[in-house]
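Chemist: Sharing a structure here in structure tokens format.
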Amino acid sequence: ARQLVRVPARVIAASLLLIGATWGSLVTALVVPPLVWLGTHSLWTVLAAALPLFGGAVTSSAGRFVGAYDWTVSESPDGLRIDRGLLDRTHETVPPGRVQTVRIVEPLLWRRLGWVRVELDVAGSSNSVLLPVAPREIAESVISRVLPGVAVPEVSSLARPPRRARWCTPVWWRGHGIAVTDTVFAARHGLLRRRLALVPHAKVQSVRLTQGPWKRAWRVADVHVDTGANKTVTARLRDAGEAARLLRAQAERSRTGRRGARPDRWMV
């Protein structure tokens, strides 16, 4: 196997300190015991509440670090090889042809550092992470090996929902956007924790349009793209006319895309 990227341990540790789940568990462990003391004035009750909270906060972060330690992505004839773990080493090979969806996750506190997380939906695999943390340019270079010929759309190229969509999802409507290229259907959602999902046209199993009564009143609709990994990527809050055109066009792109799809183990 030819190594593509190895994530340093210090970067993994720093990334865990810059996600909301870590701070949320620590804040809970600091706030709950004083409240329990005010309500009970019992030291044993406070200890019974505090110890599991502090233990959970520490072990959850430590467990993620141990599991992601020495994360290495390499290229082998059968696909991308993932090796990881400090105490227990885990080895997995992901055939790129079986990747149904690639997601780029960008937590709020990672943006100034230019870090992203890359997740996968792979048919027949339980592992959903390709890179736990990496600079964006490195992540995109690895994605280009998983999805040959695919360029990750720029943020400026994503089409946002119409302004009237704010009546359906106040504030958060600004986090949605889509882009359709010759190779992938891309949809983004989230303001604080951005997620950009890339679905190759050849992996689309079905396309659906949904529109509830409130969205119908504001002339917006959602377009759902279902993949072979029993997952769905949704383009939310699109103009109703645009959604109808997108539905028809995506069905045609998926049909023609499957003709030129590569086999599951095309790296052999």
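Chemist: Please report, ordered by residue number, the strands (runs of 3 or more DSSP E) entirely within region 170-235 with at least 2 residues that are hydroxyl-bearing (Ser, Thr, Tyr), open to solvent by 20 Å² or more (accessible area, probe 1.4 Å) and touching a strand residue (DSSP E or B) at 6+ places or on another chain (Cβ under 6 Å).
Modeler: Of the strands (runs of 3 or more DSSP E) lying wholly inside region 170-235, those with at least 2 residues that are hydroxyl-bearing (Ser, Thr, Tyr), open to solvent by 20 Å² or more (accessible area, probe 1.4 Å) and touching a strand residue (DSSP E or B) at 6+ places or on another chain (Cβ under 6 Å) span 204-210.
Chemist: If residue 130 satisfies all but one of (1) more than 30 Å from residue 218 (Cβ to Cβ); (2) open to solvent by 30 Å² or more (accessible area, probe 1.4 Å), what's the number of the condition it fails?
Modeler: The one condition residue 130 does not meet is (2).
Chemist: How many of the residues making up region 49-71 are closer than 11 Å to residue 32 by Cβ and aromatic (Phe, Trp, Tyr)?
Modeler: Qualifying residue count for the region: 1.
Chemist: Of all residues in region 46-98, count the ones that are in a strand (DSSP E or B) and either in contact (Cβ under 8 Å) with a residue 60 or more places away in the chain or of a type in the set (Gly, Ala, Ser) (or both).
Modeler: Residues that pass the stated criteria total 8.
Chemist: Can you pull out every residue in region 14-37 that is surrounded by 14 or more Cβ atoms within 10 Å (Cβ to Cβ) and at pLDDT 75 or above?
Modeler: Correct list: 14, 15, 16, 18, 19, 28, 32, 33, 36, 37.
Chemist: From the list 152, 116, 142, exactly one residue is assigned to a strand (DSSP E or B) and open to solvent by less than 40 Å² (accessible area, probe 1.4 Å). Which is it?
Modeler: It is 116.
Chemist: Which is open to solvent by less than 60 Å² (accessible area, probe 1.4 Å) and among the β-branched types (Val, Ile, Thr), of 101, 40?
Modeler: Of 101, 40, the one residue that is open to solvent by less than 60 Å² (accessible area, probe 1.4 Å) and among the β-branched types (Val, Ile, Thr) is 101.
Chemist: Taking residue 164 as meeting all but one of (1) closer than 25 Å to residue 110 by Cβ; (2) part of a helix (DSSP H, G or I), write down the number of the exception.
Modeler: Exception for residue 164: condition (1).
Chemist: Let me ask you something else. Looking at 170, 148, 162, 200 in this structure, which one is within 16 Å of residue 80 (Cβ to Cβ) and over 18 Å from the mean Cα position of the chain (by Cα)?
Modeler: 148
Chemist: Moving to a separate point now. Scan region 69-98 for residues that are surrounded by fewer than 18 Cβ atoms within 10 Å (Cβ to Cβ) and under 26 Å from residue 230 (Cα atoms) and jot them down.
Modeler: Across region 69-98, the qualifying residues are 78, 83, 90, 91, 92, 93.
The values are calculated or read from the model by the stated rules, or taken from the named source; none is laboratory data. Everything quoted here is computed from the prediction, not taken from an experiment. Glycine also receives a Cβ, built like all others from the backbone with ideal geometry; neighbour counts cover every protein chain displayed. Only protein heavy atoms, including side chains, enter the accessible area calculation; ligands, DNA and RNA are left aside. Shrake-Rupley method; radii C 1.70, N 1.55, O 1.52, S 1.80 Å.
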